[in-house]
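Please treat every number below as a calculation from the coordinates, not as lab data. Everything quoted here is computed from the prediction, not taken from an experiment. Here the Cβ positions follow ideal geometry from the backbone for every residue, glycine too, while neighbour counts run over all protein chains shown.
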C-alpha cells in the first residue's frame with residue numbers, strides 16, 4: 001500500500017527522494033511494503049554491490065538484511081526526519097508513518113538509524 005499522492009522526484013541534496021503532492025497529517029501511515037529477506041551469506045554479497053546503500057538491517061542478531069519493495073528504499077536520510085519506519089518481522093513488511101504534519105510538495109525523510117529522532121552519525125557523510 002502506497003498512498004496515491006506520494007511520488008519520487010529529484011531531491012536537492014540526495015539524488016532521488018520521496019515527496020507528497022498533498023498535505024499529510026501527523027501519524028498517518030503512508031506506505032506498507034513487503035520486503036525480500038536475505039541471510040548472512042547473501043548480505044555479504046549485497047555489501048559488495050550498489051544495493052548495499054538500499055538495504056535495511058533485518059533481525060540484526062541473526063545478521064539478516066532486506067530489500068524493501070515499494071518506495072521504502074528511496075526515502076532519504078535526515079536526523080530531523082519527518083517520517084519513521086517500523087519493521088514487522090512476523091509479517092515481513094516495513095511501514096512508513098509520518099511523525100509530524102507534512103506540507104504539500106515537501107520531501108519525506110526517514111532516519112536510517114531506525115528511530116526517527118536518533119542523532120548518532122550514520123555510516124556515510126550525511127547532512
### Message
Sort 77-83, 20-26 by the packing proxy (mean of other Cβ within 10 Å over each peptide's residues), most packed first.
### Response
77-83, 20-26
#### Entry: Cα-projected label distance for residue 86 with residue 37, points at 7 Å along beta-carbon direction, nm
1.9
### Query
To the nearest 500 deg cm²/dmol, what mean residue ellipticity at 222 nm is calculated for the chain from DSSP H runs of n ≥ 4 alone, each contributing -39,500 (n - 2.57), summed and divided by the residues?
-1500 deg cm²/dmol
### Task
Would you calculate the separation in nanometres between label points at residue 106 and residue 77, each defined as 7 Å from the Cα along the Cα-to-beta-carbon direction?
2.2
### Query
Per 10 Å bin, what percent of the C-alpha pairs of segment 1-65 does each bin hold, from zero upward?
17, 34, 33, 16, 0
### Order by protection proxy (mean Cβ within 10 Å, highest first), peptides 1-11, 60-70
60-70, 1-11
### Message
Roughly how far apart, in whole Å, are the Cα centres of segment 46-63 and segment 66-105?
### Response
16
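So if I take the alpha carbon set of segment 1-112, get Rg, then get Rh from the Kirkwood formula, what is the Rg over Rh ratio?
Details: Rg = 14.1 Å, Rh = 14.5 Å.
We get a ratio of 0.98 for segment 1-112.
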### Segment residue 1-residue 26, extension gain: residue separation times 0.36 nm, minus the distance between their alpha carbons
7.2 nm
### Message
So the label point goes 7 Å from the Cα of residue 13 along Cα→C-beta, right? Which residues of segment 37-62 then have their backbone N under 19 Å from it?
### Response
53-54
